[in-house]
Amino acid sequence: DCLWLADRRDIDLETRWPAQGAALPIVGDNDALVIMLKNVLENAIRYGAAHSAVRVAFAPDRIIVDDQGPGVAADVMPRLGDRFFRAPGQAEPGSGLGLSIARHIAHSHGLALRFENRPAGDDFGAGLRVVILRDAMPRHE
C-alpha cells in the first residue's frame, strides 16, 4: 500500500526480521493492526527526506520504523499522535490524523507508540524513530 508513495519520493524501503525467534506477536483486529503499521510507515515515507531510506525492523518485543529525515523538534515531539496536529512547515499534504489513528489502534491492542530522534552517528543516520511496543500501562477504551 505504501510503495507508490515510496516510489514518488524515491525512498528505499528496508525490512529486517529477527535473527532468532518470532516478530512481536500481536493478537487482535488484523485490519486495524495493518492500518496502524501502514499509517506509521506512510508517515515515515511522507515526512522523511526524499531520496533516502525507511527501515522497518521487526523484533520479538517491538517493531521499529526509522526514517532518514530531519527528525522532530523537541517542542513538537510530545504532540506527535495528537488529533489534527501537523508539525509546522510541512510541504506534504495531510490531515494530522495518521499517527493519531495509529496511536488509538495501538492502545486498543495494549501497545504504545514511542517517538524519538536518532543522532547522526546512528547506524541508519539521523532521523525519526517510531517504536511500537507493549504498553506498560494498557488503556481500556
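The values are calculated or read from the model by the stated rules, or taken from the named source; none is laboratory data. Not measured: the values here are computed from a predicted model. Here Cβ is always computed from backbone atoms with ideal geometry, including for glycine, and neighbour counts include all displayed protein chains. Heads up: the accessible areas ignore ligands, DNA and RNA and are worked out on the full protein's heavy atoms, side chains in. Shrake-Rupley method; radii C 1.70, N 1.55, O 1.52, S 1.80 Å.
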Practice problem: Please report the base-10 log of the normalised intensity I(q)/I(0) for the chain, using a Debye sum with one equal scatterer per alpha carbon and no solvent, at each q in 0.12, 0.14, 0.21 (1/Å). | Solution: -0.46, -0.63, -1.48
Quiz item: Rounded to the nearest whole Å², what accessible area per residue is found for the chain with the 1.4 Å probe?
Solution: 56
Quiz prompt | For segment 26-68, alpha-carbon Rg relative to the globular expectation (2.2 N^0.38 Å, N residues) | solution = 1.26
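Find, among the chymotrypsin sites (Phe, Trp or Tyr not before Pro) in segment 1-101, those assigned to loop by DSSP (not H, G, I, E, B) with at most 16 other beta-carbon atoms within 10 angstrom.
Those that pass, being in a loop and sparsely packed, are 84, 85.
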Quiz prompt | Segments 31-38, 103-110 sorted - mean Cβ within 10 Å per residue, highest first | solution = 103-110, 31-38
Quiz prompt | Dipole in debye (nearest 20) - the chain, about Cα centre, beta carbon charges: Lys, Arg +1; Asp, Glu -1 | solution = 260
Exercise. Tell me what the chain gives for mean residue ellipticity at 222 nm when only DSSP H runs of n ≥ 4 count, each as -39,500 (n - 2.57), the sum divided by the residue total, rounded to 500 deg cm²/dmol.
Key: -7500 deg cm²/dmol
Quiz item: Residue farthest toward the positive end of the dipole of the chain, with Cβ of Lys/Arg at +1 and Asp/Glu at -1: which of 117, 49, 60?
Solution: 117
Exercise. Just add up the charged neighbours of residue 118: K/R +1, D/E -1, any other residue whose Cβ is under 12 Å from the Cβ of residue 118.
Key: -3
